[in-house]
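Everything below concerns the one structure shown next.
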Amino acid sequence: MESSLERATGPLRGIRVLDATTMLAGPYAATLLADFGADVVKLEDVRGGDPMRQTPPIVDGQHVASKSTNRNKRSITVDLRDARGRAIYADLARTVDVVMTNFRPATLREWGLDYDDVVGSNPTVVMYHLTAFGRTGPYADRPGFAKVAEAFAGLTYISGEPDRSPMFAGFPIADGIAGAMSTAPRLEPDPAVEALRRMVRESAGYAGLKRAIGGGD
């Protein structure tokens with residue numbers, strides 16, 4: 001009997017993705033790729049998996065948020081704090097088309113798993129790196145979650161009642177927007193998604209990937 005992955009359809013069918021993200025924004029972005037037909041392998045920590053597995057709401061014993069943001073994926077567990085776990089990550093990264101992560105840049109450099117390390121063994125890889133403050137700049141290595149981004153951007157300041165403290169929304173808006181907008185097509189076609197589609201549709205290999213996303217030769 002064929003598995004659901006073997007029956008996968010969509011414009012990204014045949015694209016292989018290593019999802020090493022946690023919590024909401026990154027996993028949601030990877031889920032959208034899976035919804036488009038990509039074969040996504042979710043990498044989780046050996047100490048209980050992705051923290052979203054322990055996040056409410058819980059319905060009939062199932063963590064709804066985790067199931068929602070990790071549908072249509074396969075999953076393995078590794079310990080990236082251990083050299084053997086990092087070796088597994090590196091081995092997987094050599095075999096996929098896309099590597100997705102939301103670790104801080106300094107952490108990836110310390111582990112030898114940053115873009116320069118991954119592309120050294122997989123020159124055609126597309127690396128998706130979603131962080132709170134980006135890969136460069138004075139805040140690049142600071143940690144951050146949705147609430148940090150929302151407060152930093154001033155969203156909480158304009159939310160709530162005028163005579164009360166700033167208010168967070170009930171849903172982590174920054175995570176949802178970041179995950180959706182970083183992978184799903186926007187008003188104009190998303191260049192990275194369009195490039196991946198073209199790679200599958202034309203089977204022209206990866207030599208023209210930079211040209212496809214506007215990066216030149």
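Computed from the coordinates by the stated procedures, all read-outs in this text should not be read as laboratory data. Here the structure is a predicted model, which is why all the values come from computation and not from measurement. For neighbour counting, all protein chains shown are included, and Cβ atoms are generated from backbone atoms with ideal geometry for every residue, glycine included.
Within region 20-42, name every residue whose backbone N is under 11 Å away from a label modeled 7 Å from Cα of THR107 along the Cβ vector. Those under the cut-off are 21-23. Over the Cα atoms of region 4-63, the radius of gyration divided by the Kirkwood radius equals 1.03; this is the Rg/Rh ratio. Label-to-label distance for TYR157 and THR9 is 5.0 nm, based on points extended 7 Å past Cα in the beta-carbon direction. Each label point was placed 7 Å from the Cα along the Cα-to-Cβ direction; for THR95 and TYR139 their separation is 3.9 nm.
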